[in-house]
Amino acid sequence: MLGKKPEEITLYDIVVVMEGPYFLDKCVLGFAGCSDENQCPVHFEWQEAKKAILEMLKENNICLLYTSPSPRDLSTSRMPSSA
């Protein structure tokens, strides 16, 4: 993967390397038997959330991490000036 240009490496690629390809497949509530046939109370909502998460990870590359301000930078930039 590191043989690719940064703009070709998606956030999804990074997460899969670190967590494995099934990182979102477990039940969000931790129920071992949760499935389409035996749903937990939030099963279908989690399915929709997973789709949105996967889409975001696949649409963004690691350049985003370099160009986006960090939360710390955002919080300090909002502080009122003392002048």
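Of all residues in the range 15-36, those that are open to solvent by 60 Å² or more (accessible area, probe 1.4 Å) and β-branched (Val, Ile, Thr) total 2.
Quickly run through the range 37-70 and pick out the residues that are in a loop (DSSP other than H, G, I, E, B) and open to solvent by 90 Å² or more (accessible area, probe 1.4 Å).
Glu37, Asn38, Pro41
Is it the case that the range 33-49 has a residue that's in contact with a Leu (Cβ under 9 Å, 6 or more places away or on another chain), in contact (Cβ under 8 Å) with a residue 24 or more places away in the chain and aromatic (Phe, Trp, Tyr)? No, every residue in the range 33-49 fails to be in contact with a Leu (Cβ under 9 Å, 6 or more places away or on another chain), in contact (Cβ under 8 Å) with a residue 24 or more places away in the chain and aromatic (Phe, Trp, Tyr). Of all residues in the range 50-70, those being of a type in the set (Val, Ile, Thr) and either in contact with a Ser or Thr (Cβ under 7 Å, 6 or more places away or on another chain) or free of Cβ contacts under 8 Å to residues at least 40 places away in the same chain (or both) number 2.
The values are calculated or read from the model by the stated rules, or taken from the named source; none is laboratory data. Computed from a predicted structure; not experimentally measured. Please note: Cβ atoms are built from the backbone with ideal geometry, for glycine as well, and neighbour counts cover all protein chains shown. We work out accessible area using only protein heavy atoms, side chains counted, and drop any ligands, DNA or RNA first. Shrake-Rupley method; radii C 1.70, N 1.55, O 1.52, S 1.80 Å.
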